[in-house]
Structure formats: structure tokens, C-alpha cells
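Shown next, in C-alpha cells, is the structure this report addresses.
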Amino acid sequence: MAAVTAAMVKELREMTGAGMMDCKKALAATDGDMDKAVDFLREKGLATAQKKAGRIAAEGLVTTCVSEDGKNAVAVEVNAETDFVAKNEKFRNYVAQVAAQALKTSAADIDGFMAEPWEADPSMTVKEALAAQIAVIGENMNIRRFKQIKEENGFVASYIHAGGKIGVLVDVETDVINPAVEEMAKNVAMQAAALKPLYTNRDEVDADYIEREKEILTVAAKNEKPDANDKIINGMVMGRINKELKEICLMDQVYVKAEDGKQIVSKYVEEVAKANNAKIKIKGFVRFETGEGLEKKSENFAEEVAAQMAGK
């Protein structure tokens with residue numbers, strides 16, 4: 001049996017990120033063969049990942065990746081169990097790798113993405129690489145979602161808020177790209193991060209949704225003013241619908257940096273376009289917020305420790 005040296009353990013740790021004792025055991029079990037030791041740890045990592053798969057991963061990180069020419073971009077969300085791990089440099093580096101691959105992927109959905117070869121090590125899939133990371137980091141993790149934007153006639157702006165709690169991409173179609181236009185795009189991205197719109201503009205809002213709202217609000221208005229005529233009722237209903245659309249449509253929202261507190265986002269974009277002799281259209285946006293829609297499990301720490309001691 002080949003002697004396992006400290007240098008070999010160090011090299012394996014650097015290659016895999018696994019713990020020192022795990023690396024030592026892997027080298028001992030594989031007679032000092034570095035490649036087999038890596039496989040040994042990967043196999044162990046997959047087993048460890050299965051044990052942790054039941055834990056809810058609702059913390060994590062949202063990040064974006066934009067191509068050098070600004071024409072292509074992607075937003076990704078990778079979840080972990082705790083905020084502590086989400087701030088870990090190893091985890092953040094891993095998420096950056098996921099984003100870099102997601103920028104170039106042709107996968108139509110997350111299942112297709114998970115099945116493709118991992119660029120950093122094509123001998124395993126994205127799913128297998130995730131399992132290996134779970135073993136290294138020690139928490140359940142999940143690549144939850146990604147969304148690409150491609151814009152040939154302009155650029156994609158990116159904004160990350162609170163160190164990765166919220167990530168936004170804004171699709172900007174324009175014939176002029178300069179610092180002023182880029183600043184406008186970033187401001188619009190910050191707007192989306194802050195005020196959480198659901199749509200870019202009113203054209204995206206489903207007509208059936210508007211009709212349902214009209215029906216509900218009409219009944220409510222008639223209950224409030226039973227003696228009012230149809231013109232008054234209709235005015236009340238449309239006023240309330242317009243107020244709601246101004247809250248949920250990005251281009252209709254009051255611009256958060258507006259000096260008068262009244263200017264809406266679409267007018268701000270028009271103002272910048274005019275000042276720069278440009279044609280500008282905000283075609284769409286992506287907004288990911290870490291853990292949105294996920295149930296955060298409250299664990300009893302004493303019970304968890306007892307379960308771990310029992311080998312569960």
C-alpha cells in the first residue's frame with residue numbers, strides 16, 4: 001500500500017474541497033491513486049447529498065451573468081439551508097459557476113440544465129456536481145431556476161440587491177448605448193428590485209384578469225354606492241383598476257427617484273431617450289428574490305441534534 005503523505009492530502013483537498021480526514025480516508029482506500037480518490041469522494045458526496053435532501057433549502061443566492069457585449073444575460077437562484085452558507089465564499093463561487101454555464105446553456109428548463117455536462121468537470125452532470133458541492137458544504141442545496149434574456153438590438157442591464165437577495169435583469173432595446181442610457185437602465189432595474197412589479201407594461205396583463213377585476217370591483221362599488229348610476233360606478237371601477245395597474249406594471253409605477261414624486265417610469269425613460277437622441281424601449285425584465293414562494297422550515301435544534309446522534 002502506498003504511503004499517504006500530507007502533500008497528497010493537501011492536493012486532494014484543493015481539488016475537491018472535502019475535509020482533511022475524508023481526503024485521508026479516500027487516499028487510503030484507493031492506495032494513493034488521486035483520480036480514484038476523487039471518485040471515492042464524489043461517490044461519498046452523492047450518498048451524503050441523499051441524506052440531506054429532505055432539508056428545506058430556502059436561503060441562498062441570486063446572481064446574474066452578462067456576456068461581454070451585453071447582448072446576453074441570465075439570472076439564477078441557488079438555494080441553501082442557511083444564510084450563513086449563502087455568504088460563504090465557496091458557495092458564492094459555485095453559484096457564479098452555475099450562472100456562467102446557465103448563460104450559455106440551450107436547455108429549455110431546469111431538468112434539461114441539470115442533465116447536461118458540468119463545464120468545470122465534464123465527467124459529471126450539473127446534478128452530480130451539485131451533489132458533490134452538497135457533500136463539501138454540508139447543507140442541502142438546490143439550483144432552483146434560471147432565466148435568460150437575449151437582446152440583439154440593445155443590451156441587458158443587471159442589478160444585484162443586498163448581496164444577492166434580489167437579482168434583476170432589464171431588456172433594453174435601443175439605438176444608442178452610452179453611460180447615460182446605461183445609468184437609466186440600471187435605475188429601472190433598481191426600480192424593479194424595490195417595488196416588485198409583476199408585468200413590464202399593461203399589454204402583458206391578461207385580459208381575463210382585467211375582466212374578473214372589473215366584475216369584482218363593480219359589485220363592490222354598487223354595494224358602496226347603491227344609488228349611483230352606471231357612469232359613476234364605471235368611473236369608480238376604472239379608477240381602482242388603473243391604481244392597481246400602476247402598482248403592478250413596471251412602466252406605470254411612480255419612478256422612485258422622481259424629484260416631484262409623480263413622474264412614472266415610462267416618462268423617465270422617454271426623458272432620457274429625448275436627451276440622448278435615442279429610441280429606447282424597455283421590452284421586459286426578470287426579477288428573482290431568494291426563497292420567494294418557498295416555505296422556510298422551523299427546526300427544533302435539540303431534536304435535530306438528537307436525530308443526528310441517532311444516525312437518522
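Below, the figures for the structure above:
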quantity: Condition met for I149 (outside any loop (DSSP other than H, G, I, E, B), more than 30 Å from A258 (Cα to Cα), open to solvent by less than 40 Å² (accessible area, probe 1.4 Å) and modelled with pLDDT of 95 or more); calculated: no
quantity: Matching option when the condition is modelled with pLDDT of 90 or more, of a type outside the set (S, T, N, Q), more than 19 Å from F288 (Cα to Cα) and not in a loop (DSSP other than H, G, I, E, B), among V181, V176, V219; calculated: V181
quantity: Subset of region 16-53 [part of a helix (DSSP H, G or I), modelled with pLDDT of 65 or more and hydroxyl-bearing (S, T, Y)]; calculated: T16
quantity: Test: V237 is buried (at least 18 other Cβ atoms within 10 Å of the Cβ) and either farther than 30 Å from K150 by Cβ or over 30 Å from the mean Cα position of the chain (by Cα) (or both); calculated: yes
quantity: Selection status of S106, part of a strand (DSSP E or B), of a type in the set (S, T, Y) and farther than 24 Å from F84 by Cβ; calculated: no
quantity: Residue list for region 54-101, filter: over 21 Å from K127 (Cβ atoms), assigned to a helix (DSSP H, G or I) and open to solvent by less than 60 Å² (accessible area, probe 1.4 Å); calculated: D83
quantity: Long-range neighbours under 6 Å by Cβ, at least six apart or interchain, first residue without any contact (Cβ under 8 Å) to a residue 12 or more places away in the chain and within 19 Å of A100 (Cβ to Cβ) within region 137-152, second among the aromatic types (F, W, Y) and not in a loop (DSSP other than H, G, I, E, B); calculated: none
quantity: Selection count where residues are assigned to a strand (DSSP E or B) and of a type in the set (S, T, N, Q), scope region 152-172; calculated: 1
quantity: Residues of region 281-295 that turn out to be in a loop (DSSP other than H, G, I, E, B) and either free of Cβ contacts under 8 Å to residues at least 60 places away in the same chain or open to solvent by 40 Å² or more (accessible area, probe 1.4 Å) (or both), as a count; calculated: 4
quantity: Checking D111 against (1) without any contact (Cβ under 8 Å) to a residue 40 or more places away in the chain; (2) among the charged types (D, E, K, R); (3) in contact with an Asp or Glu (Cβ under 9 Å, 6 or more places away or on another chain), the condition it does not meet; calculated: (3)
quantity: Pairs with Cβ under 9 Å, 6+ apart, first in region 199-214 and over 17 Å from V188 (Cβ atoms) and touching a residue at least 40 places away in the same chain (Cβ under 8 Å), second of a type in the set (V, I, T) and open to solvent by less than 80 Å² (accessible area, probe 1.4 Å); calculated: V205/I248
quantity: Verdict on V136 being of a type in the set (A, V, I, L, M, F, W, C) and either on the phi > 0 side of the Ramachandran plot or outside any strand (DSSP E or B) (or both); calculated: yes
quantity: Test: residue in region 252-267 that is open to solvent by less than 60 Å² (accessible area, probe 1.4 Å), of a type outside the set (S, T, N, Q), under 22 Å from K150 (Cβ atoms) and in contact with a helix residue (DSSP H, G or I) (Cβ under 6 Å, 6 or more places away or on another chain); calculated: no
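The values are calculated or read from the model by the stated rules, or taken from the named source; none is laboratory data. Remember, predicted model here, so these are calculated numbers, not experimental data. Cβ: placed from backbone, ideal geometry, glycine included. Neighbour counts: every protein chain shown. For accessibility, only protein heavy atoms count, side chains too; no ligands or nucleic acids. Shrake-Rupley method; radii C 1.70, N 1.55, O 1.52, S 1.80 Å.
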